[in-house]
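The values are calculated or read from the model by the stated rules, or taken from the named source; none is laboratory data. Predicted model only: the values in this text are computed from it and were never measured. Positions of Cβ are backbone-derived with ideal geometry, glycine not excepted, and every protein chain shown enters the neighbour counts. Heads up: the accessible areas ignore ligands, DNA and RNA and are worked out on the full protein's heavy atoms, side chains in. Shrake-Rupley method; radii C 1.70, N 1.55, O 1.52, S 1.80 Å.
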Amino acid sequence: MKFYNKKYRTTALLILLAMAMGTVVSCKKALENELSNDTYADTFWKSGSDVESAVLGAYGLLRKSLNQNSCFFIWGDVPAGLFSSDQGTLATDLVTAGSFTVPYWEEGAHNWTNWYRVVDASNLVIENVNKMPDVAFASVQARNAYLGEAYFLRALTYFYMTRVWGDLPLQLTATTSADQAQKMGRTEAAEIIQQVISDAQKASSLMTWESASTYQKRRASKGAALALLAHASAWNNDYAKTVLYADSVVNRGDLFSLQPQGAVLDVFSQSGAPENIFAITAKNSENEAAAYTDYVFTANVAFLTVSSEQKPGMPYNPAYYYIPVNVADNLYESGDLRKEAFFYTSNRGGTLAQKLSLKKYANIAYKNAASTANPLAESNLVIFRLADIILLKAEALNALGDDGGAVTAANLIRERAGTTDFDLSVDFGPALKRKIVQERERELIGEGQTYFDVVRNALNTKDRGFFGQIIPLWSMSADRFNQKGYLWPIANSILNANRLINQNPWWMGKL
Amino acid sequence: MNLKLYKRSGGLKLFAVLAFFMLASSAYAQVRVTGKVTDKNGPLPGVTVQIKGKTTAGTNTGAQGIYELSVSDNDILVFRMLGFESREIPVNGKTVIDVLMTESQNGLDEVIVTGYKNIERRKATSAISSITGKEIENLPAASLDVLLQGKLSGVNVQNFSGQPGVKTSLVIRGNTKISASSDGFDADNLYSNPLYVIDGIPISDDEVRAFDQTGTNFLASLNPNDVESVDILKDASAAAMYGSRAANGVVLVKTKRGKIGAPRISFNTYQGYTQRPQKVSTLIGAAERRQKMDLIYNYGTNSQLANNIPIMLTDSLNPAFNNNNDYQDLFYQSGAIQNYDISASGGSEAVNYRIGAGLYDEKGVVINTGYKRYSLNSNVGINFSKKLELLTSIRASTGKRLDGKGSSYTLNNRGSGYRDVFSVSPVSMPSSLLQMSDNDLRSVVDPYSFQRNDNINTDISANGELRYSFLNDFRLSSRGAINYSTNKNDYATPSILAEDGRAFARSNYSQYRKYVLTNSLLWIRTIAEKHNLNANFVQEFERRKNEAIYLSGYGIPNDNIKVVKGVAAADLSGYSDLSTYAKLSFLGSFHYDYADKYLMDVVWRADASSRFGKNNKWGYFPSMSLGWLASEEEFIKNLDWITELKIRGSWGRAGDESSIGDVDRYNAYLSGNANYEGSDATTYGGGTAVIPNYNGITNDDITWQQSEEWNVGIDAVLWKGRLSGSVDAYTRNTTGQMLRIAIPEYTGYTSTFTNAAGVRNSGIEFTLNARILPEKSAFQWNPSLNMSFNKNMVTALPNGNRDLYYGNAVYVVGKPLNMYYGYIVDGVINSPSDLIVNPYTGAVGSTKWGTLRLGYPNWRDVNGDYMISDNTGQQDQTFFGDPNPFVTGGFTNFFSYKNFSVQVLTTFTFGRDIMNQTLAQRLSNGLFYGSASDFAQASITDISQYNYWRQSGDNATLPALNPFMSLYAWRTGQSLFKEPGWYIRIKNINLGYRFEAQKYKWMQNAKINGLRLYGTIDNIAIFQKFSGIDAERVDGQGYDYGDGYPLPTKYTLGLQVEF
């Protein structure tokens, strides 16, 4: 036995050793199994073009956030009471009762996840560009521009979110593994807006003016950062800064100038239009246009506001959200060219002719040009344009007591609209403020601004009556105002996942 | 042939024999023994004849059943053949030994061949159930899994679809799956899958699912008639040999190999007819109109009757509204089935071979469905010498599956799984009154004359194993296996069928390549006669590469073109894909028994998988089992009635890695991703956009899902095989199921994978086989029954055991898997006393849509707030019922009289609830929004058979069918539709008659050795309390598939000839 044992052992060991050595060495690498059908964190962030596509990814996420249930429109325009709908209480409760529960639109209107993806994508760019050597980029300027865009996107995203939800969890670092995801509560809105301003200032100093023309204003430039700063300062009730920032944009007439009379709608078809400062594009020629999702609640704003008579293939006539003709008559003085320019009136007469549809999002392409079965929405979402900044400056000057300057600024827009100038002898003080906000409403209708204009002025003047002055259909009760009922509710799924996040007080128990 | 590597006789004698064999082999008296081996039908070729305890010495009987062998005087000869009881006959000086073999009760080989080592059935210490290929041959089904229903204890097969060539469910010892795929919840795929090992090549469901294009069952690539045996490793001690993929059991499939003897050619065919299935109840034409008008008049208020009666119902003369389409008639047809097998087999001492070819062709009972397969199986063994042996097997097949037209023909996606074979779903048909144009009709009924839809799977696998025996006790073997599979879907639809008038074509192609290298060293030894030892050391490396190409284009210039060609760049899209997998394993197993009485097995396996995070690359899977062959004890040997009795127990741990994909552990970025609602944009502003994959973030700690299983069992053979059976009790704790857990959304991510959930399955299962009549009787009746009782329970869930809601299923710790989630309904509000009233205010309770009224379902106000709602804070939906069967099993009766044989298989499932979703959908069709025009446009079932609420004073069991009431009153998620899900199915009856060659001159003249005629009826009848069509046809959640593929009745006639 013993004799064999030894022999067996040596033989067996030798064989095993040979077998094991042979494969262990060769399969060590196979077990690592590198990912080859996608790029991933460890292999990315090597060159300028990597950063370029990551920045574009962040813009893409911003476009997705704005379009989710057309939330920019649901937040900014529908509660302001101008639009109306024949599609039942789901569509009209928000218009007539200020009901922000908006069934079926909640994913966009209440859930901030998409917006935090823009934040995370921007954080990734900021962190990684800072780690990359200069030589990875075409120039130091290019590197700074990417950083600037990332800061701008983060600032703009927080600015949208804080206007909608107020206090927010402040996430300033990128998340790259699950264990970095720590629970945190909300940071005060006042701190958030400071963060927005500081990010936007960084963006402004890192970016150049010229990038506005390089990228046809579909990407951020120094001008876009300054426009954001003007808005954020106004939201922060720091109107002096607003004037400062607005002026620095207005003064760059070589880059930003008002469209000529009759050509305002070009800002929706051409991102590079002189009046645009920053717009989100979705060109069919670049395969980025939006088709109808067969479900109105998730459809692009074009399918909500453009009628099938106006553009064949659209799902509604009258439009899902239309402007009743009496509302338009009230809003626009006779002779105001914008009523004709911004709205489409049905040729069919009757009640249809009483329901005007918006022309701003009527740039429609078709998948098959021969048939009109599959319309594709390709209008720009205009984030900032010069008219907006000029009117914001007017609002700021009025707030600072310079009604003369305010009227001069506002009249630039009124003259282009072919309507009468404001008259300083009647239009001054709080009345002028209201008129300027209404002027913004007339000019920027459908661009996601009006409701925020109302909230901003009500907060800055600490006067909830402002709601009633601009929005006649529903009123902001003292109770609602005190409990921040002007903010939007936060999705229950977010509250459920994190006990540190509380519902905005007015909406507690109302979802 | 397999070397019998177990030495069963006493060690010392063997040692002596061995010693003499080496030193002086001629010193012992050698005699030559000859003889003839027969069974009751005549000479039996291919019987293995060996000397007990001397596995290297042996021979096989030749064509006439004759053998010749040199033996010593005191040797014992062992005669073995698959399907026959083995015989042991001592030589005792005889020189002629003729043997009569009898067919064995279960026809099982005495050795279970795993991929790594052979287990002697008698000495097995773990729970294994097995059947031979004979029991499943010539049954009309495309794949093996379907045929295992009711045959094996512990194996629950539910054929929830009768669609030819698709996978249904085969679950071993209870479901453990909590859906965690990145695609989300898929009710069609809610079962845990075992690991299949076909001729030593392991294949798991998750590896073929990645990049799958055709939806064809991968087991359909194997011709069931090529199968020699199927062994199911149920407990962890057996399955632990397969380590990280064995947590849900292992199915070992062995294909037929050649036997020593003259060449045999066998030809087999069956031809069949498939009955047109039963239709879902619906009313057609005038009957529909009458019934709808009746409901409208019955429920309508004055103003509704004045203003809201759809023209479609009143204008019966309008040719657009006076039709009588029976949509189901358009889709259902009678099917046909054909199968041909031809094989040649034979062998000598040096070479054995079996080569088989097959053709299976099934035309489905739904138009444009079916499956056709060509297969080839070649198994060749070469013995270069007594010490060096080569075993090869090659399997090739190609199959084409037609999967109907589906409802989503204009989209570039395949429709959703098993249900989408109808262009018009039988549960939500439009009104029969509507007119269909000739083109509509043709495109629905005859899509394949317009469209191309080819689903083609091709599989080739080959393996070769070289075995070298040395130093008497050792065997070294090295095996290489390759597997190459492709599946391909080509689809083209012309412009005339497209809404936007643009033709569409798609071509998707996937390819899997896998190789497995296995080296093993086996040592067998018997010490001092009584100590039997064997040990096995295995090292294995597996590597797989899945590749895919996707190409599609809109606007194909001409309808004649059925490929992606001539498409403008903007309309062309496509990409290719790649994922790889690798695994390195080490396995050690050890068996010891003392005097064949006290048995012990230990297995230890270590696996490193490329799927797992760097912190947890290796997984370890130990197991141990003990057995006591009580029948070897003297005091039991004295008992006449006990032939064999074994008591065994085992513990072990096995793993599962199916819930994580090949590359899920990477923090991937999505390239070309800038989509938003309504757009699949890959760019922003024309430049490529890259974003992190926010579907989930990586976690470096993810590791194996593990199951720990205890098993105790008894195997017994009584009265010399008149009664035999086994009982097993087990409990299996599966932990670390990979599930998504929520992480704060301000990171951009909402979830991550983690090993968070757990499920426990425990149960008892038994098998009983009996031979009612004595062996000599010409009439034989052999019944066998198997039953498996199983109970499953969720033991852990992510996020601190918070209840997990997935669609309309719910998981709660302490409750079974996949419970129903919805409203509890206590009948109908028949009288005002049934109304919920708030005692404080006196107000009648309400729903989200208004106050409760007579005729509404009597929803239970679970949270006591006098409000029936699914809003947060007002939630009245709760969980109820259990879709998991408590008992499943089968009852087989085999009768034979002379050359006649009849086999009847009955399968059953008891103790589960199912939801009559078909009824819910048929009754709610068109009622959803309470719009009379919706109601007019939808089909209606014959409601006269139901007791529904019509007016106050009724004592109804179903709520009002009010076309104006939009209450979601008929949603499926209500206990109203819960029904008992038990069924007993007479699964099949087999009749056969064998012609004996000795009796018929013409057979001898034609050199026909055997001729058998047979007939089968499959799916004969079902007994159930369920009011729908088929209680087996339910999804993993227990919702029945009224729009699923029927399980039809098949009639076949067959002929088997051997030359």
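Consider residue B:301 carefully, then state whether it is open to solvent by 50 Å² or more (accessible area, probe 1.4 Å) and polar (S, T, N, Q). So residue B:301 passes the test.
Does residue A:266 satisfy the criteria of being of a type outside the set (Val, Ile, Thr) and either within 14 Å of chain B (Cβ to nearest Cβ) or more than 14 Å from residue A:382 (Cβ to Cβ) (or both)? Full working, then the answer.
Details: of a type outside the set (Val, Ile, Thr): yes; either within 14 Å of chain B (Cβ to nearest Cβ) or more than 14 Å from residue A:382 (Cβ to Cβ) (or both): no.
So residue A:266 does not fit the description; no.
From the list A:66, A:82, A:31, A:90, the one residue that fits, being at negative phi, hydrophobic (A, V, I, L, M, F, W, C), under 21 Å from the mean Cα position of the chain (by Cα) and within 14 Å of chain B (Cβ to nearest Cβ), is A:66. Checking the condition touching a Leu at 6+ places or on another chain (Cβ under 8 Å) and either of a type in the set (Phe, Trp, Tyr) or part of a strand (DSSP E or B) (or both), which residue from B:232, B:265 passes? Exactly one of B:232, B:265 is touching a Leu at 6+ places or on another chain (Cβ under 8 Å) and either of a type in the set (Phe, Trp, Tyr) or part of a strand (DSSP E or B) (or both), namely B:232. Considering only residues that are open to solvent by less than 60 Å² (accessible area, probe 1.4 Å) and modelled with pLDDT under 90, which ones fall in the stretch B:620-641? Selection gives B:631, B:632, B:633, B:636.
Please indicate, with yes or no, whether at least one residue in the stretch B:527-545 is more than 30 Å from residue B:469 (Cβ to Cβ), within 11 Å of another protein chain (Cβ to nearest Cβ) and at pLDDT 90 or above. The answer is yes; a qualifying residue exists.
With the structure loaded, tell me whether residue B:862 is over 24 Å from the mean Cα position of the chain (by Cα), part of a strand (DSSP E or B) and not aromatic (Phe, Trp, Tyr) or whether it fails that test.
Values: over 24 Å from the mean Cα position of the chain (by Cα): yes; part of a strand (DSSP E or B): no; not aromatic (Phe, Trp, Tyr): yes.
When the stated conditions are applied, residue B:862 does not pass them.
Scanning the stretch B:1027-1059 for residues that are surrounded by 20 or more Cβ atoms within 10 Å (Cβ to Cβ), more than 19 Å from residue B:333 (Cα to Cα) and of a type in the set (A, V, I, L, M, F, W, C) returns B:1031, B:1034. Taken together, the residues in the stretch A:220-279 that are of a type in the set (D, E, K, R), surrounded by fewer than 23 Cβ atoms within 10 Å (Cβ to Cβ) and more than 20 Å from residue A:412 (Cα to Cα) amount to 2. Looking only at residues in the stretch B:719-731 that are in a helix (DSSP H, G or I) and open to solvent by 20 Å² or more (accessible area, probe 1.4 Å), the one that is modelled with the lowest pLDDT is B:720. Considering only residues in the stretch B:579-598 that are out of contact with any Lys or Arg (no Cβ under 7 Å at 6 or more places or on another chain) and open to solvent by 50 Å² or more (accessible area, probe 1.4 Å), the one that is farthest from the other protein chains (Cβ to nearest Cβ) turns out to be B:598. Here residue B:816 passes the criteria (1) open to solvent by 60 Å² or more (accessible area, probe 1.4 Å); (2) over 20 Å from residue B:872 (Cβ atoms) except the one numbered (1). Quick check: is even one residue across the stretch B:732-744 surrounded by fewer than 21 Cβ atoms within 10 Å (Cβ to Cβ) and away from chain A (no Cβ under 14 Å)? Looking for residues that are surrounded by fewer than 21 Cβ atoms within 10 Å (Cβ to Cβ) and away from chain A (no Cβ under 14 Å), one finds at least one in the stretch B:732-744, hence yes. Go through A:102, A:119, A:55, A:51 for me and flag whichever is at positive phi and either without any contact (Cβ under 8 Å) to a residue 40 or more places away in the chain or within 11 Å of chain B (Cβ to nearest Cβ) (or both). From the options A:102, A:119, A:55, A:51, the qualifying one is A:102.
The criterion of being at pLDDT 90 or above, within 14 Å of chain A (Cβ to nearest Cβ) and at negative phi holds for residue B:576. Of all residues in the stretch A:421-460, those satisfying the criterion of being among the polar types (S, T, N, Q) and either closer than 30 Å to residue A:379 by Cβ or without any contact (Cβ under 8 Å) to a residue 12 or more places away in the chain (or both) are A:425, A:438, A:449, A:450, A:457.
Restricting B:716, B:756 to residues that are assigned to a strand (DSSP E or B) and within 14 Å of chain A (Cβ to nearest Cβ) narrows the list to B:756. The conditions of being of a type in the set (Val, Ile, Thr), within 20 Å of residue A:248 (Cα to Cα) and open to solvent by less than 50 Å² (accessible area, probe 1.4 Å) are not met by residue A:164. Looking only at the stretch B:446-454, decide whether some residue is within 14 Å of another protein chain (Cβ to nearest Cβ) and at pLDDT 85 or above. So far as the stretch B:446-454 goes, no, none of its residues is within 14 Å of another protein chain (Cβ to nearest Cβ) and at pLDDT 85 or above.
Can you pull out every residue in the stretch B:871-885 that is in a loop (DSSP other than H, G, I, E, B) and either polar (S, T, N, Q) or loosely packed, with under 15 Cβ neighbours inside 10 Å (or both)?
Step one: list which residues in the stretch B:871-885 are in a loop (DSSP other than H, G, I, E, B), which gives B:871-874, B:876-877, B:881-885.
If the condition is that a residue be in a loop (DSSP other than H, G, I, E, B) and either polar (S, T, N, Q) or loosely packed, with under 15 Cβ neighbours inside 10 Å (or both), then B:871, B:872, B:873, B:874, B:877, B:884 are the ones that fit.
Checked against the criterion of being hydrophobic (A, V, I, L, M, F, W, C), at pLDDT 75 or above and open to solvent by 20 Å² or more (accessible area, probe 1.4 Å), the candidates B:66, B:51, B:112 yield just one match: B:66. Against the numbered list (1) out of contact with any Lys or Arg (no Cβ under 9 Å at 6 or more places or on another chain); (2) open to solvent by 50 Å² or more (accessible area, probe 1.4 Å); (3) within 28 Å of residue A:409 (Cβ to Cβ); (4) in a loop (DSSP other than H, G, I, E, B), residue A:184 comes up short only at (3).
Matching residues to (1) crowded, with 20+ Cβ neighbours inside 10 Å; (2) out of contact with any strand residue (DSSP E or B) (no Cβ under 7 Å at 6 or more places or on another chain):
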{"residue": "B:419", "(1), (2)": "yes, yes"}
{"residue": "B:427", "(1), (2)": "yes, yes"}
{"residue": "B:431", "(1), (2)": "yes, no"}
{"residue": "B:439", "(1), (2)": "no, yes"}
{"residue": "B:448", "(1), (2)": "no, yes"}
{"residue": "B:455", "(1), (2)": "yes, no"}
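The set of residues from the stretch B:187-244 being buried (at least 24 other Cβ atoms within 10 Å of the Cβ), within 18 Å of residue B:455 (Cβ to Cβ) and in contact with an Asp or Glu (Cβ under 6 Å, 6 or more places away or on another chain) comprises just one member, B:221.
Among B:309, B:337, which is the only one that is part of a strand (DSSP E or B), aliphatic (A, V, I, L, M) and touching a residue at least 40 places away in the same chain (Cβ under 8 Å)? Lay out the reasoning, then the answer.
Numbers: B:309 fails: part of a strand (DSSP E or B).
Just a single option satisfies the conditions, and that option is B:337.
Of everything in the stretch B:317-334 that is surrounded by 13 or more Cβ atoms within 10 Å (Cβ to Cβ) and among the hydroxyl-bearing types (Ser, Thr, Tyr), the residue that is modelled with the highest pLDDT is B:332.
Selection over the stretch A:103-148 of residues that are open to solvent by 10 Å² or more (accessible area, probe 1.4 Å) and under 16 Å from residue A:494 (Cβ atoms) gives a count of 6. Does residue B:596 meet the test of being charged (D, E, K, R) and part of a strand (DSSP E or B)? Spelling it out, it is not the case that residue B:596 is charged (D, E, K, R) and part of a strand (DSSP E or B). Meeting the requirement of 2 or more residues that are within 14 Å of chain A (Cβ to nearest Cβ) and within 30 Å of residue A:367 (Cβ to Cβ), the strands (runs of 3 or more DSSP E) wholly within the stretch B:599-704 are B:668-671, B:690-692.
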